[in-house]
Amino acid sequence: MSVTYIDAIHRAQQDLLREDETVFLYGQDIGAFGGAFKATKGLKVEHPERVLDAPISEDAMVGLAVGAAIEGMKPIIEMQFADFSSVAFNQLVNQAGTHFYRTGIPVPITVRMPCGGTPGSGPFHSQMVESLYGHYPGLVVATPATVSDAYHLLKQSVMLADPVIFCEHKFLYRWLKSAAIDEEALPLGKARIVRSGKHATVVTYSAMVHEAVRAADELSKEGWEIEVVDLRTIKPMDTDCIIGSVARTGRLLALGESFPWGGVTAEVVSRVVAEGFHLLDAPPLRLNAKDSPIPYHPDLWAAHRPTPESITQKLRELLSL
Amino acid sequence: MSEGTVTESVHTQLDRELLRQVYRSMILSRTLESKLSSLYKAGKVVGGVYLGLGQEAVSASLGTLLKRGHDIFSPLIRDQAGRIAFEEDLLDATRTHLGSVKGPMRGRDGNVHRGRPREGMPAMISHLGTGLSFVAGMLLARRLRGQLAGVVGGISIGDGATSTGSFHEGLNMAAVEKLPLVVVVTDNQFAYSTPRERQFACKSLVDRAIGYGVTGHEIDGTDLVGCVKGMAEAVGNARKGGGAQLVVARLLRLCGHGEHDDASYVPAELRESSLGRDCLEVGKEQLLSAGMVTTAELEQWQLEAAEKVQTAVAIAQKESGPDPYQADWRSTSTPGMQA
């Protein structure tokens, strides 16, 4: 009996609702229908008062969550798609993100963001949003890549006293399976070495972890040993782990699925250059999606985001420098 | 709506006390704001000063009808009177305007952007309309905890805020959830310099109530007795389970958007119209003619207000501002989350 990534998210919410009476879920179609991705299936039956359908009002959904959090609740908001969080942007960055600094009162909300591309989803159901929210003070941004992290990071996010943007990748929902969820949880804020190596480091997160591992597998056939670092949370960013890895390999590829201007990969490169310049044997490289809206057609989509092939190619370039 | 008179609307001792209480907060508010204006003009205020002149009757009616420690009051930019009525310490106002580190915002935010969220008074952000869903969330939390019975959440906004998406989303959401939210829109004819006909096309904003499925109330914001009466009805409805209420008060803002603004865009005929009446003058006449207050009492209230304001300003002026070298710059409550 295996557990998928979406099962882990479902189970985390089920356990949270059972364990903590201050947890409640609010989002579009999450009640009797169970959510667009079935992440809340059956939860309304178990907790009719605490699993609530929301109107199509992303701004007000987040405003409501912040108000409820001030009153001692731990709301989990489901954005139906991360793309629609742009409507809630103001409440996220100006209401939730500033509240603790301004008033000294923390805002324990978790906003689940189904993000990332799947074939055929097009420009408005495929976006990555982590770089956007990571930029703003007061927000924590989680980007789980594994089934166990989907479970544990979600539970940790909800129990954290601060607002968390929880970026769950839609491509991993049903494709990614594990035999079981790990008993032990890694601490929130720590990165993980997915695969060790000595010739180059790929620093990445979310679904790109799996694409990086594929590229590393490919290059291992030629004797290259590529280290892959999964950030797990992009804010906080575990700089020590990144620098430690670059110290071992001397080469860095920062890889992400979001748009190329600025963002997480630029942040990774700038930290390594500033704090570990002497460790580098070659200029650090970045690989992101293209600087265009995300296309609908599967052939275009597959070429828009980094693929095992394009990652392999970029790594060859890095190894040749 | 015709002007309320004391004889037709107020009969009981409770009404008398309520009116006196509201008016006393109005006097204190006007006294404080007049001082804040002077301090601003003398260059003593950090940042801007935004006053509620002419809006005291509406604001204080709402603040008085809500009970600190039980209800929720979400003030906006022109609610000094409501804040006083809701028992906000005068020091919170002076400290926040004068940049004292001892204020509730510790110099991290200023002037009207202040509150005591854990005590039922959210600290507004500048993005208009966002408070509706915030208060709705506070009320929903009380419902989930089984503590909503008899509680009301009041929120004050202006006519300009009704044009935002946040206003629409928030009011609709509160209506869907049947939450006891009282939304008080003070239609003061201008949003900064933009006149109401460039802001919305409906005859009165109260016409929107039916569209949201909430109860609408329209009051003359210059009329103290009418304000208390209309507000008591709206708050009472919400308190006894009538769901969200929309109160629209019409008046003229008797100052600029902020003290930097001379409001030269307000036509003279509007100033001279009934909308341009000063609610403090109207209220005074109403209370005196009904024998609810004596001239001597009013003078006494005025003196007390001046003394309170003097003290609150003097204390805040002596206090130091935040020390940037001691600042922790922490924007999350959990350590280590900013790496």
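The values are calculated or read from the model by the stated rules, or taken from the named source; none is laboratory data. Keep in mind the model is a prediction, meaning the values are calculated, not measured. Note that each Cβ is placed from the backbone with ideal geometry, even for glycine, and that neighbours are counted across all protein chains shown.
Here are a few things to note about the model shown:
- Looking across segment A:72-111, the residues that are more than 10 Å from chain B (Cβ to nearest Cβ), polar (S, T, N, Q) and in a helix (DSSP H, G or I) come down to A:SER85, A:SER86.
- Residue list for segment A:134-154, restricted to those being away from chain B (no Cβ under 13 Å) and in a helix (DSSP H, G or I): A:VAL147, A:SER148, A:ASP149, A:ALA150, A:TYR151, A:HIS152, A:LEU153, A:LEU154
- Index of the failed condition, A:ASP162 passing every other in (1) more than 14 Å from chain B (Cβ to nearest Cβ); (2) under 20 Å from A:GLU130 (Cβ atoms): (1)
- Pairs, first within 7 Å of chain A (Cβ to nearest Cβ) in segment B:324-339, second of a type in the set (Gly, Ala, Ser) and not in a loop (DSSP other than H, G, I, E, B), C-beta under 9 Å, six or more apart: B:SER331/A:GLY97
- Which numbered condition A:ILE242 fails, given (1) over 21 Å from A:LEU153 (Cβ atoms); (2) of a type in the set (Val, Ile, Thr); (3) within 14 Å of another protein chain (Cβ to nearest Cβ); (4) in contact with a strand residue (DSSP E or B) (Cβ under 8 Å, 6 or more places away or on another chain): (1)
- Considering residues of segment B:96-108 that are within 14 Å of chain A (Cβ to nearest Cβ) and in contact (Cβ under 8 Å) with a residue 24 or more places away in the chain only, the residue farthest from B:GLU319 (Cα to Cα): B:ARG108
- Among residues of segment B:150-173, those that are over 20 Å from the mean Cα position of the chain (by Cα) and buried (at least 23 other Cβ atoms within 10 Å of the Cβ), counted: 2
- Screening B:ARG250 with (1) within 15 Å of B:LEU181 (Cβ to Cβ); (2) in contact with an Asp or Glu (Cβ under 6 Å, 6 or more places away or on another chain) gives one miss only, at (1).
- Selection of segment A:158-173 for residues being within 12 Å of A:THR4 (Cα to Cα) and touching a helix residue (DSSP H, G or I) at 6+ places or on another chain (Cβ under 6 Å) yields A:LEU172, A:TYR173.
- For A:GLY250, the requirement of being crowded, with 22+ Cβ neighbours inside 10 Å, small (Gly, Ala, Ser) and either away from chain B (no Cβ under 14 Å) or under 22 Å from A:ASP83 (Cα atoms) (or both) is not met.
- Failed item, numbered, when A:HIS278 is tested on (1) within 16 Å of A:SER206 (Cα to Cα); (2) away from every other protein chain (no Cβ under 14 Å): (1)
- Check on B:ALA244, more than 14 Å from every other protein chain (Cβ to nearest Cβ) and at pLDDT 95 or above: no
- Any hit, segment A:23-37, residues being in a helix (DSSP H, G or I), within 11 Å of another protein chain (Cβ to nearest Cβ) and either among the polar types (S, T, N, Q) or surrounded by 19 or more Cβ atoms within 10 Å (Cβ to Cβ) (or both): no
Let's see how each residue does on (1) touching a residue at least 40 places away in the same chain (Cβ under 8 Å); (2) out of contact with any Ser or Thr (no Cβ under 7 Å at 6 or more places or on another chain); (3) of a type in the set (A, V, I, L, M):
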| residue | (1), (2), (3) |
| --- | --- |
| A:GLN13 | yes, no, no |
| A:ASP20 | yes, yes, no |
| A:ALA36 | yes, yes, yes |
| A:PRO55 | no, yes, no |
| A:GLU58 | no, no, no |
| A:ASN94 | no, yes, no |
| A:TYR101 | no, no, no |
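- Scanning segment A:38-56 for residues that are assigned to a loop (DSSP other than H, G, I, E, B), surrounded by 19 or more Cβ atoms within 10 Å (Cβ to Cβ) and more than 12 Å from chain B (Cβ to nearest Cβ) yields A:ALA39, A:THR40.
- Flag for A:PRO295 being at pLDDT 95 or above and closer than 25 Å to A:GLY197 by Cα: no
- Residue in segment B:288-304 that is β-branched (Val, Ile, Thr), more than 25 Å from the chain's Cα centre (by Cα) and within 14 Å of another protein chain (Cβ to nearest Cβ) present: no
- Members of segment B:1-52 that are of a type in the set (D, E, K, R), part of a loop (DSSP other than H, G, I, E, B) and either modelled with pLDDT under 90 or buried (at least 16 other Cβ atoms within 10 Å of the Cβ) (or both): B:GLU3
- Screening A:GLU184 on (1) surrounded by fewer than 17 Cβ atoms within 10 Å (Cβ to Cβ); (2) assigned by TED's automatic domain parsing to the domain that holds A:ARG18; (3) not small (Gly, Ala, Ser) shows it passes everything except condition (2).
- Which listed residue is under 21 Å from A:VAL140 (Cα atoms) and either surrounded by fewer than 19 Cβ atoms within 10 Å (Cβ to Cβ) or without any contact (Cβ under 8 Å) to a residue 60 or more places away in the chain (or both), from A:ASP217, A:ASP281, A:ASP240: A:ASP240
- Scoring A:MET237 on the criteria (1) within 14 Å of chain B (Cβ to nearest Cβ); (2) assigned to a strand (DSSP E or B) leaves a single failure, condition (2).
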